[in-house]
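The block underneath contains the structure these notes are about, expressed in structure tokens.
The values are calculated or read from the model by the stated rules, or taken from the named source; none is laboratory data. What you see is a predicted model; the values in this text were computed from it and never measured. Here Cβ is always computed from backbone atoms with ideal geometry, including for glycine, and neighbour counts include all displayed protein chains. Note: areas computed on protein heavy atoms with side chains; ligands, DNA, RNA excluded. Shrake-Rupley method; radii C 1.70, N 1.55, O 1.52, S 1.80 Å.
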Amino acid sequence: MSVKTRISRLALAGSACLLGALTFFVVVDREPSTVDETVSIQALTAQEKSILHQAEQVLLQACMADSGYAYVMVEEAPASFLRRFPYVVDDLSWAREHGFGNDVRDEVRQRAENDPNKRYFGSLSAADKAKALAAVNGERPVGLIATSPAGVEITRSDRGCTSQLEKKLYGELQTWFRAKTVTDGLHVPRRQQVSADPRFQAARSDWARCMADRGYSFADPAQVHEAFRVRGPEEISAAIAEATCAQSTGFAAVTRGLDAHYEALQGQRYGREIADRLRLERAALPLARAVVESQSR
């Protein structure tokens, strides 16, 4: 079904900064892909992904300087709690140290509040803000197009610093934009599929009984996380109980198995985009390393 609305949002490609790219969601006609591809390229390590991020930041800073605007390179944001534990906290060591991740959320919040790029952007006049956004994004959101896993058509300019740095690193800009748009959005529908699976629901019931035996009457991990939104001993104790029950009842194993199952199904449907992203990222690594090394000299 076609989406009839247009939505705009402010986001900076490659960082969490407010100098962000204006992304427009629009409706266009596009035939669904019938390509069934398998991914044989080795996935990137965390270190390799970090190198790509650093290179993007270096190139973005240089491009913005050429356009007459400042940009401070930012570190990668830590993985969100929900991305780390999409179904249940199942890492006992992590639970003992971080609970439900309120400390991580506080760190991300403080980083956003102290973001130098946000302050810089806020100091600009209205005219300069518009010019800075155009420098990052290009003047109009046309030139690149992709369909998200949710079925929304997304367009972005093929000009501006974001597209310029991505073309330099990844070469095939339209292919990269489509692959990144698709792969960045796969985790949401996969979580929905896993959570709706009867095997997940049965295992969750076992987990809930285990939690109740420890004094926590919650039917779902999300309810526990919402009940302990403040960092402290209570949060840690509840997280330890959740992780212990996730392991002892087999809930953690069930969620991992189901997630892998639905990820494999996504690989069949979106094999081309997954393979393209891995291929382009791996091909970009030599240049990314050179860019990062040149910055450190």
Just a yes or no: is a residue in the range 67-74 without any contact (Cβ under 8 Å) to a residue 12 or more places away in the chain and either closer than 25 Å to Arg191 by Cβ or open to solvent by less than 50 Å² (accessible area, probe 1.4 Å) (or both)? no
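The rows are residues; the columns are (1) open to solvent by 60 Å² or more (accessible area, probe 1.4 Å); (2) closer than 26 Å to Arg105 by Cβ.
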| position | (1), (2) |
| --- | --- |
| Pro189 | no, yes |
| Gln192 | yes, yes |
| Gln201 | yes, no |
| Val224 | no, yes |
Right, Thr244: β-branched (Val, Ile, Thr), under 21 Å from Gln201 (Cβ atoms) and touching an Asp or Glu at 6+ places or on another chain (Cβ under 8 Å) or not? no
Among the residues of the range 123-139 satisfying the criterion of being within 25 Å of the chain's Cα centre (by Cα) and among the small types (Gly, Ala, Ser), which is surrounded by the fewest Cβ atoms within 10 Å (Cβ to Cβ)? Ala134
In the set Gln42, Gln57, the lone residue that is open to solvent by less than 40 Å² (accessible area, probe 1.4 Å) and either modelled with pLDDT under 90 or touching a Gly at 6+ places or on another chain (Cβ under 9 Å) (or both) is Gln57
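Does Gly160 satisfy the criteria of being open to solvent by less than 40 Å² (accessible area, probe 1.4 Å) and under 30 Å from Glu273 (Cβ atoms)? Give the steps one after another, and end with the answer.
Numbers: open to solvent by less than 40 Å² (accessible area, probe 1.4 Å): yes; under 30 Å from Glu273 (Cβ atoms): yes.
Yes; evaluated as a whole, the condition is true for this residue.
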Given the conditions (1) modelled with pLDDT under 95; (2) more than 17 Å from Phe85 (Cβ to Cβ); (3) not β-branched (Val, Ile, Thr), and given that Gly215 satisfies all but one, which numbered condition is not satisfied? (1)
Exactly one of Arg214, Arg209, Arg229 is surrounded by 13 or more Cβ atoms within 10 Å (Cβ to Cβ) and either among the acidic types (Asp, Glu) or at negative phi (or both), and that residue is Arg214
Tally up the residues in the range 270-297 that are surrounded by fewer than 18 Cβ atoms within 10 Å (Cβ to Cβ) and under 20 Å from Val194 (Cα atoms), please. 1
Counting only residues that are within 16 Å of Phe85 (Cα to Cα) and small (Gly, Ala, Ser), the range 169-197 contains a total of 1
Exactly one of (1) among the charged types (D, E, K, R); (2) in contact (Cβ under 8 Å) with a residue 24 or more places away in the chain; (3) closer than 24 Å to Ala62 by Cβ is unmet by Arg178. Its number? (3)
Restricting to the range 79-122, give me the number of residues that are buried (at least 16 other Cβ atoms within 10 Å of the Cβ), of a type in the set (Ser, Thr, Tyr) and within 26 Å of Gly185 (Cα to Cα). 1
Looking at (1) buried (at least 19 other Cβ atoms within 10 Å of the Cβ); (2) of a type outside the set (A, V, I, L, M); (3) over 22 Å from Ala284 (Cα atoms), which one does Glu166 not meet, given that it meets all the others? (3)
Out of everything in the range 232-262 that is among the hydroxyl-bearing types (Ser, Thr, Tyr) and more than 24 Å from the chain's Cα centre (by Cα), what residue ends up being surrounded by the most Cβ atoms within 10 Å (Cβ to Cβ)? Thr249
